[in-house]
Amino acid sequence: MTTHDDPPPPSQELPAAGAATVATRPSSAPSPQRSGERTATAQGAPRDSEVATPASAWRLGFRTFTENHLATAGLVLLVLLVLFSFVGPLFYHTNQVASSLISQNLPPSGSHLLGTSPEGRDELGRLMLGGQSTIEVGLGVGVLATLFGLVYGALSGFVGGILDAVMMRVVDALLSIPYLFFVVLLAALTRPNLLLVIVVLSAVSWLSTARLVRGETLSLRTRDYVTASQGFGSRAHQVIARHITPNLLGVVVVNGTLKVADAILAFASIAYLGLGPPPPATNWGELLSAGINNLFDGYWWQLWPAGLLIVVTVLAVNVIGDGLSDVVEIRLQKR
Amino acid sequence: MKQRILDVEHLRTEFHLRSVNVAAVDDVSLTIDQGECVGLVGESGCGKSTTGLSIMRLLPRSGHVTSGRVLLDGRDLVPLSEAEMRQVRGRAVSMIFQDPMTSLNPTMTIGAQVAEPLVIHFGSSKKAALDRTLETLHLVGIPNPRERVDDYPHQLSGGLRQRVMIATALAAEPKLLIADEPTTALDVTIQAQILDLLDRLREELSMAVLLITHDMGVIAGRTDRVMVMYAGKMVEAATTDELFAATRHPYAEALLQSIPQLTQDASARLPSIPGHPPDLSRLPPGCRFAPRCRYASPACVEEPPLEEAAAGHLVACFHPVGVLPGSGAAAAWSAPGAPSGIPEPPLPPATTPLEPSGAPSRDGDPMPPDAATRRLALAAAPVLVEVDHLVKEYPVRGGGMRRRVGSVKAVSDVSFGIRRGETFGLVGESGCGKSTLGRMVAALERPTSGTVRLGGDELLRLRGADLRRRRRELQLMFQDPYASLDPRMRVGSILREPLVVQGVGDRRQQWETVASLLDEVGLSRRAVDLYPHEFSGGQRQRIGLARALTLNPRLVVADEPVSALDVSIQSQILNLMKALQRNHGLTYLVISHDLAVLRYLSDTIGVMYLGKMVELGAADDIYARPAHPYTHGLIQAIPVPDPSIEKAKRSAAVRGELPSAVNPPSGCRFRTRCPLAQEICAEEEPPLRGFGPGHVAACHFPLLSPSADQQAGGAPVVSVTSEPAPGAS
């Protein structure tokens, strides 16, 4: 990074700039010359007070986020859901592997807090297990699709020209294939596992992110600060990393949280169709599907808790996205 | 006594922000009579637009009129319901806005938009509305209204759109027209036409007009009375002649002095107001202008009442200036740069003027010594930038296969040179190609043909890493201080970025450079940890200037560096640019539509018209002895803040609008708008001819007689700033 042989050497540059400082200071800042006069202090005051005290970006971001009460509630809920799914099984031990014909479809009781499933497994334990895969898929797809869509879209939009045209036609082509077709095909060819589900859903989900990012990049790349950066010799990847990507954060973060919610719902519908990972692995969508099968038998405990958890998780993620968009919008932050 | 149309009494408008309530308009009273034009002037954020919106009751959701009355024809508008107010808007009061691009609906024909108020207020039939629409369009000077009535806004030029906007406002013949910066987005030549139109309409329809503007020149020429606002308060109100002849409030005085004048002594510093307008949520106690006022005294912690200083002349100040007749700001205009521009205050609590107004002129010598030495030094300096037969054309594609159907001739065969240490000003209307030319000089755009050389090398010949390394030699300064800084980077990172990109110095040295740059542009070192949005427009422009200087460039290309700033801030930046040029030996290419700014900043000025350089010469020559009728027209069109001058010129100096650059007129491109045009102008393109040392113009019928010995012809004009002319006095 450091090239000392560059003319002019910085060691010479600095004293020169310093000397110039002494010469300009009185003319550009009016106050110091007339120190001692009452008005001079009056003018000196706003010059300092106009500059607020800096605070760390993280603390500022946290403060802005907590100002959005809904988002804070969403975050608390999501943390609770994660604890429920991942930490819950450590305290609430159930056998989720073996099925038991004796304890089929039992209503909630002391030994089974939320009753049992059609296979006779404890329903609450099943919700915890299902929560793990559901949250993993949601976050995994959200992150994967957003990252790939961001890079793809930013590159396409920033470089432009033929590359842009080709890249965007690829997106258009992929968008025209119904994603359930993919899923059915893959389920027929292979034995679905969680990783495969994440990859397939991401492969579908990044397309709209890429389009969104590309459009935003088209407008960002004509901004004056991008021109300025090119003006002092930045390369394309430097401009994308330093100016384009940070300014895309707002849309990308919000879009990413929507992707998480979408992925959870999509996973639920895949599982509902019986195309998800086979039992004993489970997820909320599959539980919902089983619950609906027994809807007319009055086994409410198999339907409502799973449905409720999906709705609550998706809502929580969405309001968190709203709060995050406040955080990344630096101009809204107060000091 | 004419009928009183509008009577605003003690109006107070508050905005409810997240945590505080701020009074954007605080105890403002004003009256307007029938057929009268009242000006409301002040810097951005002073509450002048909010006053207009309060009268219309069109405030944003967070704003409310909290006290006071707005009497329109004796009827108070404040307590009216929204439904009743709708009956008033457009019929009794109309408003026109600044930007004709956004204030017309792009999906409706202009005819439908003009007819809209007629249908709403009178329930006119289609036929009646159309007739009235045509009549109104004719009234606002739209040629062939019958053909134009079905056009959409994008088919019209900016000037025509503003005329349509005025037509929609006038269709229902309101008694009061509120014009909020009606010409700020337009070129000076078009501005003069629109202001003429407003004047004529006011007389014909005997309307009352409230003209809201930041431009003292517009105020001087067009208004009967003026009110000056500062931070939500009315600080001075008088008849226009009185206000300019005997300014009383220090703010109004300082505002007038900080406008660069065409008659300005370019070697003197511009007087400027230090600091910037206060944050309305954290107002200083007492007089709001006191922290920036050169006459402030301990008494100013009390709030000065708005009192009558002379008959009909209200002023809110404990230390009004110019109490002696004949002194005051108006006197300063007749003797530009002279120290008499700052009258002695009646009470001497702090008598030192804030900014020196420049060296006194000696024995009527028109050129102060340092200006003369500067000229001599420049004449000896080597040429840094050579622009040779530069052409830029953008293809226009159309038809089924996106064939090339023509081209926009943005820059057509322009040649000039800039010497090291010189400031070259490029002036012209928007669309004349000056920004394109600037981008080509800054090596951001490749010319269609022709060359740009920097220090003898053609930068755009270079590729990749070589070009990127040479980019440090030329830097850019932008117009919009809000768009030119990355909102997500702290100021420190913004200023360090060029050094990081070019790999100059190590981390510690880079931060030292940043700190010294901040000192140099007059910002606190604590700025490094802040984001751009935490600064005012003027401060951001300082940051932009500092960033341009981080790499110690040889050439700075500044595209409209001050046109987005308030006048008081504008003069601070202009002074800073001059100081930095002296200290760093910078060469500037300054692009501006404002001839007065360029006249102050530049050594040499090039006038562009529709892609052509029509006149080129020393700044003094261009102003004092323009050879090209277009240059003359541009100078005439600039509003001067002096009522006697401004009211004397009664018609727009340049007619019509800029023709399309896709099919420029044959021969001389200016001929379609030129008062002197004859047949030869359409047939033959005028060559550049010499009119004195370094002064060339392309015109068949120049306003000066060309010097016989100089035949610049089509040759590249490189020697621009030559020795000072013997007869320059």
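For region B:1-67 versus region B:211-271, the spacing of their alpha-carbon centroids is 20 Å.
The distance between label points at A:SER99 and B:ASP150 comes to 7.4 nm (points 7 Å beyond Cα on the Cα→Cβ vector). Working from label points 7 Å from Cα in the Cα-to-Cβ sense, the A:VAL311 to A:THR72 distance is 2.6 nm.
Using a cut-off of 23 Å between alpha-carbon atoms, which lysines can reach B:LYS392, once sequence neighbours fewer than 8 places away in the same chain are excluded? Within reach: B:LYS409, B:LYS434, B:LYS612.
Between B:SER67 and B:SER125, how high is the FRET efficiency from 1/(1 + (r/R0)^6) when r is the Cβ-Cβ distance and R₀ = 56 Å? Nearest 0.05. With R0 = 56 Å, the Cβ-Cβ based efficiency is 0.80.
For region B:667-698, which GluC sites (Glu not before Pro) are both in a DSSP coil and crowded by at most 14 other Cβ atoms within 10 Å? Show your work: numbers first, answer last.
Working: sites: B:GLU679, B:GLU683, B:GLU684; in loops: B:GLU684.
Passing sites in region B:667-698 are B:GLU684.
Please report B:ASP506, B:ASP519 as a ranked list, fewest other C-beta atoms within 10 angstrom at the top and most at the bottom. Kindly include the intermediate steps, with their values, before the conclusion.
Values: B:ASP506 13, B:ASP519 21.
The fewest-first ordering by Cβ neighbours comes to B:ASP506, B:ASP519.
About the Cα centre of region B:103-173, how large is the charge dipole given +1 on each Lys and Arg Cβ and -1 on each Asp and Glu Cβ? Please answer in debye to the nearest 20.
40
Peptides B:475-483, B:426-434 ordered by packing proxy, namely the average of other Cβ atoms within 10 Å per residue, highest first: B:426-434, B:475-483.
Peptide B:437-445 is shielded by partner chain Cβ atoms: per residue, an average of 1 of them sit within 10 Å of its Cβ.
Counted over all Cα-Cα pairs of the protein assembly as shown, pairs farther apart than 56 Å make up 25 percent.
For chain B, the membrane-span-like helices by this rule, meaning whole DSSP H stretches whose C-alpha atoms cover at least 24 Å of axis and whose Kyte-Doolittle mean is -0.5 or above, are B:188-205, B:567-584; this says nothing about an actual membrane.
Summarise the partner chain shielding of B:508-521 as one whole number: the mean count of Cβ atoms from other chains within 10 Å of each residue's Cβ. If you can, show how the numbers build up before the last one.
Working: counts 1, 7, 3, 0, 5, 5, 0, 4, 9, 3, 1, 9, 9, 4.
Shielding by partners across B:508-521 averages 4.
On a C-alpha basis, how far is the centre of region A:215-277 from the centre of region B:477-518 in Å? Whole number, if you could? For region A:215-277 versus region B:477-518, the Cα centre distance is 25 Å. With a cut-off of 12 Å between beta carbons, the residues surrounding A:ASP164 carry a summed charge of +4, where Lys and Arg count +1 and Asp and Glu -1. How high is the FRET efficiency from B:LYS649 to B:ALA624, r the C-beta distance, R0 22 Å, rounded to 0.05? Efficiency, from the Cβ-Cβ distance: 0.80.
Debye calculation, C-alpha points only, no solvent: report log10 I(q)/I(0) for region B:103-173 at q = 0.25, 0.26 Å⁻¹, in the same order as the q values. Summing over Cα pairs of region B:103-173 leads to -1.11, -1.21. Projecting label points 7 angstrom from Cα along Cα→Cβ for B:SER281 and B:GLU685 puts them 5.7 nm apart. Highest mean packing comes first when the peptides B:624-630, B:55-61 are listed by Cβ atoms within 10 Å, giving B:624-630, B:55-61. For the protein assembly as shown, DSSP calls about 60 percent of its internal beta bridges antiparallel.
Per DSSP H run of n ≥ 4, the term is -39500 (n - 2.57); total these for the protein assembly as shown, divide by its residue number, and report the mean residue ellipticity at 222 nm rounded to 500 deg cm²/dmol. Write out the running numbers ahead of the final one.
Values: 37 runs with 447 residues, N = 1064.
Theoretical 222 nm ellipticity from helices: -13000 deg cm²/dmol.
Of A:LEU207, B:LEU589, B:LEU462, the sequence from fewest to most neighbouring Cβ atoms within 10 angstrom is B:LEU462, A:LEU207, B:LEU589.
Placing +1 on the Cβ of every Lys and Arg and -1 on the Cβ of every Asp and Glu, with no other charges, gives the protein assembly as shown a dipole of roughly 1880 debye about its Cα centre.
About the centre of its Cα atoms, chain B shows a dipole size close to 2260 debye [charges on the beta carbon of Lys, Arg (+1) and Asp, Glu (-1) only; nearest 20 debye]. Name the shape class, rounded, prolate or oblate, that the alpha-carbon gyration tensor gives for region B:53-142, where a ≥ b ≥ c are the square roots of its eigenvalues, rounded holds for a/c under 1.5, and otherwise prolate holds if a/b is larger than b/c and oblate otherwise. Cα axes put region B:53-142 in the prolate bin.
The packing ranking of peptides B:663-675, B:225-237, B:274-286, highest mean first, is B:225-237, B:663-675, B:274-286, where packing means the average number of other beta carbon atoms within 10 angstrom of each residue.
What does the average come to when, for each residue of peptide A:218-231, you count the partner chain Cβ atoms lying within 10 Å of its Cβ? If you can, show how the numbers build up before the last one.
Numbers: counts 0, 0, 1, 0, 1, 7, 13, 13, 3, 8, 14, 6, 7, 16.
Mean partner shielding for this stretch: 6.
Each of B:SER660, B:SER484, B:SER415 has some number of other Cβ atoms within 10 Å of its Cβ, and from fewest to most they run B:SER660, B:SER415, B:SER484.
Values in this text are rule-based calculations from the coordinates and carry no lab data. Bear in mind the structure is a predicted one, so any value in this text is a computation, not a measurement. As a convention, Cβ positions derive from the backbone with ideal geometry for all residues, glycine included, and neighbour counts pool all protein chains shown.
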